Amino acid sequence: MSIEKLFVERAPQPIGPFSHACRVGDLVFITGQMPTVPETNEMLLGTFTEQTHRVMQNLSLILDAVGSGFEYVVQSRVFITNMGHFDEVNGVYASYFDQPLPTRTCVGVTGLAGGADVEVDMIAWIPPQQGAGEA
C-alpha cells in the first residue's frame, strides 16, 4: 500500500514543509488546520468562535476534496491556547457533526503558529466509490 500526499488548491497554502493530507488506503490524515483565510492566505485572528469556524471550514475543504466529509471523521485533535474558551470552541466544533461523534483529544497549548488560538487535525475514512476528488 502506498502513501498519497495530497495538496488541495482551494485550501489555505501550508506555512511549512508539509502536505494538506496523506491518504493511505481508505483513510486520510489531515494536517492541523489554522484559521487561515484561503483566498488571502492570511490568519483570521478574531474571537475563538470565529477562528474555530474558519478552521472547520478549512477542514471541510480538504475533506470534500478527498471524497470524505465530517460524517466520516473517526478522530480529531483540537489545540487551543486558552482552556477558558473550551466550551466556546466545543460549541462550534460540535455544530459540524451529527451523532455519533468521532473520537477526539483536546489539548491546551501555550502557543500556535501565526498567533492562532485554535488548530484542529483529523483522520477520516474515505468511503468506496468516491476517489480522491480534486486533491
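Computed from the coordinates by the stated procedures, all read-outs in this text should not be read as laboratory data. Keep in mind that this is a model prediction, so the values were computed, not measured. Counting neighbours? That spans all protein chains shown, and the Cβs are built from the backbone with ideal geometry, glycine included.
A DSSP coil position with no more than 16 other Cβ atoms inside 10 Å describes the following trypsin sites (Lys or Arg not before Pro) in the stretch 1-107: ARG10. Once both labels are positioned 7 Å from their Cα atoms along Cα-to-Cβ, the gap between ALA113 and ASN90 label points is 2.9 nm. GNM on the chain, alpha-carbon springs under 10 angstrom: the most fluctuating residue among ILE15, ILE123, ILE62 is ILE15.
Between GLN57 and GLU4, the modelled label-to-label distance comes to 2.8 nm, taking each label 7 Å out from Cα in the direction of the beta carbon. Per-residue 3J(HN,Hα) values for the stretch 73-89, derived from phi via the Karplus relation 6.51 cos²θ - 1.76 cosθ + 1.60 with θ = phi - 60°, read 5, 9, 7, 9, 10, 10, 10, 10, 8, 8, 5, x, 9, 3, 5, 4, 5 Hz in sequence order (x marks Gly and Pro). For CYS22, put the label point 7 Å out on the Cα→Cβ axis and report which residues of the stretch 58-97 keep their amide N under 18 Å from it. Backbone N within reach: 63, 66, 74-77.
Okay, helix-only estimate at 222 nm for the chain: each DSSP H run of n ≥ 4 adds -39500 (n - 2.57), divide by all residues, round to 500 deg cm²/dmol; what do you get?
Working: 2 runs with 27 residues, N = 135.
Computed mean residue ellipticity for the chain: -6500 deg cm²/dmol.
With bins 5 Å wide beginning at 0, the percent of Cα pairs of the chain falling in each bin runs 2, 11, 22, 24, 20, 14, 6, 2, 0.
The simple Förster model, with R0 at 22 Å and r as the Cβ-Cβ distance, assigns GLN99 and PHE29 a FRET efficiency of 0.40. Among the GluC sites (Glu not before Pro) found in the stretch 69-135, those both in a DSSP coil and sparsely packed, with 14 or fewer other Cβ atoms within 10 Å of their Cβ, are GLU134. Relative to the first principal axis of the alpha-carbon coordinates of the chain, what is the inclination of helix 48-65, with its axis defined by its Cα atoms, in degrees from 0 to 90 and to the nearest 10? Value to nearest ten degrees: 0. Label sites at ILE15 and GLU39, each approximated as a point 7 angstrom past Cα along Cα to Cβ, lie 2.1 nm apart.
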